[in-house]
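Asks: This is the structure I have questions about; it appears just below.
The values are calculated or read from the model by the stated rules, or taken from the named source; none is laboratory data. Note that the coordinates shown come from a computational prediction; the quantities given were computed from them, not determined experimentally. Counting neighbours? That spans all protein chains shown, and the Cβs are built from the backbone with ideal geometry, glycine included.
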Amino acid sequence: MAIHWRGRYAFIIVLFVLAPFFITSLVAQNKDAPLTREMNVINWNDFARLVPDKIQTVLLPVGTLEPHGVIPNGSDNIAPQAMARAIADRVNAMIAPTLNYGVTGSMSAFPGAFEISPNAYRLFISDIIKGLAKNKFKNIIILNGHGGPQTTILQEVSENLSQKYRVRILVINWWSLTSKDTEDVFKENGGHAGNNETAYIQAINPNYVHKELFNKDMATAYPNGSAWSAYPYPSSIGLYEEGQGYPTFDEKQSKKYYQLVNKHVGDLIMEVIRKWNMAGLYR
């Protein structure tokens, strides 16, 4: 018994002796870690300490306000913002405030939708990118949550400003990038406010999903090619393929899809940055 207690006391003594060294080591390892990755709440002193010496990448979530079946009008903002928060540590990035208004297009007539003109949007997003470059970010990653003409504007602006300000810009349309993940999880194609987008929002916050409002008549498949067009679009759920993409509201599927999407987006960001660095572009 005496040996047992002597061993215990020895352990306690060693613990007290070594504890300061462990604490010092832990502090040293974390002294460069950001207090927050959100540009909206970071203090300017902490920002100056981190960018660009420790962090050269920024995630810019962009979307719009438009109808989305039984999920929020702001789903195009909620999804990329949550995505940015989920992957920021992994890709070592700051998160810029979300641009919540966009070029809504054919669904702008629905209640609660907002439409920014293409010209105004082009100027505004250009100034945001210019500001991020001015603040010494080298990699600007645009996480786009909205399709239509907005994707074309983002691509054109990014190409022009990348050369002008010598920054690397990656535009990600996440629903398109992760189409295989949609097939893997749901065994079919998705849609605007369909199984894929609804599942992603459900994983973020189940309270955002109003299953009781769902009606299959709310959905219309997008036409193939130039078969037809309608303005405004007649449904707030647009299916990529006829008969596929209806929301499933399955909790297990939503969590799996959320994880796959975030991994896929993070993988792409890291791969593109790695290749930018290998090529020595705009270093």
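Asks: Only one of Ala120, Ala193, Ala203, Ala219 is hydrophobic (A, V, I, L, M, F, W, C), exposed (fewer than 14 other Cβ atoms within 10 Å of the Cβ) and modelled with pLDDT of 95 or more. Can you tell me which?
Replies: Ala120
Asks: Just checking, does region 208-226 include any residue being in a loop (DSSP other than H, G, I, E, B), touching a strand residue (DSSP E or B) at 6+ places or on another chain (Cβ under 6 Å) and either assigned by TED's automatic domain parsing to the domain that holds Ala84 or of a type outside the set (Ser, Thr, Tyr) (or both)?
Replies: Scanning region 208-226 turns up at least one residue that is in a loop (DSSP other than H, G, I, E, B), touching a strand residue (DSSP E or B) at 6+ places or on another chain (Cβ under 6 Å) and either assigned by TED's automatic domain parsing to the domain that holds Ala84 or of a type outside the set (Ser, Thr, Tyr) (or both).
Asks: Sticking with this one: Report whether or not Ser158 is within 30 Å of Trp44 (Cβ to Cβ), of a type in the set (S, T, N, Q) and in a helix (DSSP H, G or I).
Replies: In short, yes.
Asks: Also: Consider only pairs whose beta carbons are under 6 Å apart and that are at least six residues apart or on different chains; among these, list those whose first residue lies in region 138-151 and is without any contact (Cβ under 8 Å) to a residue 40 or more places away in the chain and whose second residue is of a type outside the set (D, E, K, R).
Replies: Thr151/Asn173
Asks: Look at Asp89 and say whether it is under 30 Å from Ala33 (Cα atoms), without any contact (Cβ under 8 Å) to a residue 24 or more places away in the chain and either part of a loop (DSSP other than H, G, I, E, B) or in the same structural domain as Asn77 (by TED's automatic domain parsing) (or both).
Replies: When the stated conditions are applied, Asp89 does not pass them.
Asks: For Trp175, work out the one condition from (1) within 30 Å of Tyr282 (Cα to Cα); (2) surrounded by fewer than 23 Cβ atoms within 10 Å (Cβ to Cβ) it doesn't fulfil.
Replies: The single condition Trp175 does not satisfy is (2).
Asks: Quick check: is even one residue across region 156-165 within 20 Å of the chain's Cα centre (by Cα), in the same structural domain as Ala96 (by TED's automatic domain parsing) and touching a residue at least 60 places away in the same chain (Cβ under 8 Å)?
Replies: There is no residue in region 156-165 that is within 20 Å of the chain's Cα centre (by Cα), in the same structural domain as Ala96 (by TED's automatic domain parsing) and touching a residue at least 60 places away in the same chain (Cβ under 8 Å).
Asks: Another one. Tell me, please, whether a residue that is among the aliphatic types (A, V, I, L, M), part of a helix (DSSP H, G or I) and at pLDDT 95 or above can be found in region 68-81.
Replies: Within region 68-81, one or more residues are among the aliphatic types (A, V, I, L, M), part of a helix (DSSP H, G or I) and at pLDDT 95 or above.
Asks: Only one residue in Ala120, Ala93 is over 17 Å from the mean Cα position of the chain (by Cα) and not polar (S, T, N, Q). Which one?
Replies: Testing whether each residue is over 17 Å from the mean Cα position of the chain (by Cα) and not polar (S, T, N, Q) leaves just Ala120.
Asks: How many residues does region 230-248 hold that are out of contact with any Ser or Thr (no Cβ under 7 Å at 6 or more places or on another chain), in a loop (DSSP other than H, G, I, E, B) and in contact (Cβ under 8 Å) with a residue 24 or more places away in the chain?
Replies: Matching residues across region 230-248 total 8.
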